[in-house]
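Colleague: Got a structure here, written out as structure tokens. Questions coming.
Just so it is clear, none of the values below were taken in a lab; they were calculated from the coordinates. Source: prediction; values computed, not measured. Cβ placement follows ideal geometry from the backbone for every residue including glycine, while neighbour counts extend to all protein chains displayed.
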């Protein structure tokens, strides 16, 4: 599998992380901390993101038979233990991240997404299947106070941070490897051209292949700068991360069986 990746900060620091190996890619997006309040952690969001990335990469390399939800659950558990007694992991504002994983295992390509990271799978027949977890969008109250009590609880939304149970609520999918052309993992800042600028995923995938990942991020920055203030909530420029994984360079046509699992 041929993998290229890129990441760029939206501001002074980058809380995204991209890690790749010969047969896998991992993309993490650190959740912006609630300003001006105690989150109970002496480490912070980047530390949690790096810890999750390190544990996931180790699991993908050392435990090829483990399922993706299992690896994510164990990574969350390991990072929670690494906090030590100085952190309050019961704090509803505890640092967390959204997660995307892609893995080729034998003759199968698998993905997992938790939170608004996207996995866009372009099949050899030309169809594109996109998986992203936008459960947070279903809540009209989008303030910090309105969302914190919905995080990592049934009926709410799930992120990787202080609840190993969150891994069971991730979305997963799998396809025969011989029938997958390419897959893009992207943080929400990496697919804003689709989310906010009228592009579709086939156009984004083609641009990634033709112009390169950094060019797409540059296009994203220009599009963000052109939007009038107040058009969208949150930051004008978000951290943007992309991993483009080419499974089969040629794309013969044909029907493609696929499976995907809803979270429990």
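Colleague: Pairwise over distinct Cα atoms, reciprocal of the mean inverse distance: report the Kirkwood radius of segment 34-80 in Å, one decimal place. Display every interim value, and only then the final one.
Modeller: On the way: mean 1/r = 0.0854 Å⁻¹.
Hydrodynamic radius (Kirkwood, Cα only) of segment 34-80 equals 11.7 Å.
Colleague: Which distance in nm do the two modelled labels at residue 236 and residue 206 give, with both placed 7 Å along the Cα-to-Cβ direction?
Modeller: 3.1
Colleague: For segment 1-127, what does the alpha-carbon gyration tensor say about shape, rounded, prolate or oblate, given a ≥ b ≥ c as the root eigenvalues, a/c under 1.5 as rounded, and a/b over b/c as prolate? Show your work: numbers first, answer last.
Modeller: Numbers: a/c = 2.38, a/b = 1.61, b/c = 1.48.
Prolate shape, in that a/c is at least 1.5 and a/b is the bigger ratio.
Colleague: Sorting check: for 29-35, 118-124, 8-14, which peptide has the highest mean count of neighbouring beta carbons within 10 Å, and how do the rest follow? All intermediate terms of the calculation are to be shown ahead of the outcome.
Modeller: Working: 29-35: 18.0, 118-124: 24.4, 8-14: 13.7.
Descending mean neighbour count gives 118-124, 29-35, 8-14.
Colleague: Here's another thing I want to ask about it. On average, how much area does the Cα convex hull of segment 79-132 cover when viewed from any direction, in nm²? Numbers along the way, then the final one.
Modeller: Details: hull surface 21.7 nm².
For segment 79-132, averaging the hull's shadow over all directions gives 5.4 nm².
Colleague: Quick one: which of 94-106, 166-178, 68-80, 195-207 comes out on top by average Cβ neighbours within 10 Å, and what's the full order, highest first? Before the final figure, lay out each step's value.
Modeller: Numbers: 94-106: 24.3, 166-178: 19.5, 68-80: 21.5, 195-207: 15.7.
Output ranking for 94-106, 166-178, 68-80, 195-207: 94-106, 68-80, 166-178, 195-207.
Colleague: What is the distance, in nm, between label points placed 7 Å from the Cα along the Cα-to-Cβ direction at residue 139 and at residue 91?
Modeller: 1.8
Colleague: Taking 0.36 nm per residue of sequence separation and subtracting the Cα-Cα distance, how much length would be gained by fully extending the chain between residue 70 and residue 168, in nm to one decimal? Each step should come with its number before you reach the end.
Modeller: On the way: separation 98, 0.36 × 98 = 35.28 nm, distance 0.82 nm.
Once the chain is fully extended between residue 70 and residue 168, it gains 34.5 nm.
Colleague: Follow-up question, since we're still on this one. Based solely on its DSSP helices, what 222 nm [θ] is calculated for the chain when runs of n ≥ 4 H residues each add -39,500 (n - 2.57) and the sum is averaged over all residues, nearest 500 deg cm²/dmol?
Modeller: Values: 6 runs with 68 residues, N = 264.
That calculation yields -8000 deg cm²/dmol at 222 nm.
Colleague: What's the extension gain from residue 58 to residue 130 if we count 0.36 nm per residue and subtract their Cα-Cα distance? List each step's numbers first, then the result.
Modeller: Details: separation 72, 0.36 × 72 = 25.92 nm, distance 2.64 nm.
Result: 23.3 nm gained on full extension.
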